[in-house]
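Every read-out reported here was derived from the displayed coordinates using simple, explicitly stated rules and does not represent laboratory data. Everything numeric here is computed off the predicted structure, so don't read it as measured data. Counting neighbours? That spans all protein chains shown, and the Cβs are built from the backbone with ideal geometry, glycine included.
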Amino acid sequence: MRRGQLRGGTTTPGIPTLQTPEDRSVGGAGAVNLESYLRGNRNAMSIVAVPSHLQEQQRSVVRYREQLMRNRRRAEARGRALALTQGILAPAGW
């Protein structure tokens, strides 16, 4: 069966159906959930708020700070490991 065709041979205008294995592998679970949602199952998907441009900028600052902190911790660990390979015990907090 082709996309948009029901088992009885009729088609549903505007609502694609996933009937072939090829369609399922391309669309994945998201397409199946969307199809279920469009058919009336309101629990198949959740409605989420899209953040405003200002909110996204504020979140990006937080994400960037967290990324910098992770990079600093990694650099500290690399420094301690390098010092240990040379027989030097790095002081606490270095």
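Worth pointing out:
- Computed E for Q86/Q57 - FRET, C-beta separation, R0 41 angstrom, nearest 0.05: 0.40
- The C-alpha atoms of region 53-94 occupy a region whose extents along the principal axes are 51, 15, 5 Å, arranged from largest to smallest.
- Here the extension length gained between L38 and R74 equals 8.3 nm, from 0.36 nm per residue of separation less the Cα-Cα distance.
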